[in-house]
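The values are calculated or read from the model by the stated rules, or taken from the named source; none is laboratory data. In this text, all values refer to a predicted model and were calculated from it rather than measured experimentally. With ideal geometry, Cβ positions are generated from the backbone for all residues, glycine too; neighbour counts draw on all protein chains shown. Note: accessible area is taken over every heavy atom of the protein model, side chains too, but ligands, DNA and RNA are not part of it. Shrake-Rupley method; radii C 1.70, N 1.55, O 1.52, S 1.80 Å.
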Amino acid sequence: MDAQRGRTDRRRFLLIAGLPLLTVGAGLTYLMWPEVPYRPRVRTDLEPLNRRFGRFLGTLADAHWLGYDIDSAGDDRSIPSPDSRIRVVGFAHLAGGGASAITGRPEHAFAAGAPSEPPAPPESLKPYLPAGGNWRHSPGFDAYADNRDAVSWAADGSPAGRYYFDTDRDLVHFDVQYLYT
């Protein structure tokens, strides 16, 4: 009977001592596990872009773009922010003559013959960035697009964007941030 009792006490001791050690070990493993850097995937679907930008850019085609929360690390280890900043950035083709039609409108005040280089895109979009290009930018068009976007998508946050147009290839480079509060 004493041999049986000794075996039970040892099992109880191993269970009581081992369970917390196992829990601590699993927690430390989770915390120390190397994080894979978050990289949003490049998207090519057109419906979300045409829904957001179609009112002032027209129908877009052949797009490569990203949409992601700037403040999120892409994992569930961080505390969520009360405000989200969503960035939508990428390149798309406009309908034939679309870039010239937009840059030719006097109310947008595109400077004649003044090329403007768009900011460097995120790393995952760089392979899709067309080489060279005659990019044109207008703060007047940015304000127009932001106001058009804000009116039609008020529930989707406040937009602040920059748009660059290549009239030679009918391309638009867009970089828009939406603030959700």
Which pairs have Cβ atoms under 8 Å, sit 6 or more apart or on different chains, and link a residue in the stretch 56-67 that is under 23 Å from Ala143 (Cβ atoms) to one that is of a type in the set (Gly, Ala, Ser) and open to solvent by 10 Å² or more (accessible area, probe 1.4 Å)? Leu57/Gly98; Gly58/Ala95; Gly58/Gly98; Thr59/Ala95; Leu60/Gly54
Is there any pair linking a residue in the stretch 169-181 that is farther than 23 Å from Pro130 by Cβ and open to solvent by 10 Å² or more (accessible area, probe 1.4 Å) to one that is not hydrophobic (A, V, I, L, M, F, W, C) and not in a strand (DSSP E or B), with Cβ under 8 Å and at least six apart or on different chains, and which? Leu179/Asp83; Leu179/Gly157; Tyr180/Asp83; Tyr180/Asp156; Tyr180/Gly157; Thr181/Pro82; Thr181/Asp83; Thr181/Gly157
Of the residues in the stretch 124-144, those that are under 21 Å from Asp62 (Cβ atoms) and either within 19 Å of the chain's Cα centre (by Cα) or of a type in the set (Phe, Trp, Tyr) (or both) come to Ser124, Leu125, Lys126, Pro127, Tyr128, Leu129, Trp135
Which count do you get for residues in the stretch 48-62 that are in contact with a Leu (Cβ under 9 Å, 6 or more places away or on another chain) and either under 17 Å from Ile86 (Cβ atoms) or open to solvent by 40 Å² or more (accessible area, probe 1.4 Å) (or both)? 6
Quick test for you: out of Ser78, Ser100, Ser84, pick the one residue that is modelled with pLDDT under 80 and within 29 Å of Val172 (Cα to Cα). Ser84
List the pairs whose first member sits in the stretch 88-112 and is open to solvent by 20 Å² or more (accessible area, probe 1.4 Å), whose second member is part of a loop (DSSP other than H, G, I, E, B) and of a type in the set (A, V, I, L, M), and whose Cβ atoms are under 8 Å apart, counting only residues at least 6 apart or on separate chains? His93/Leu60
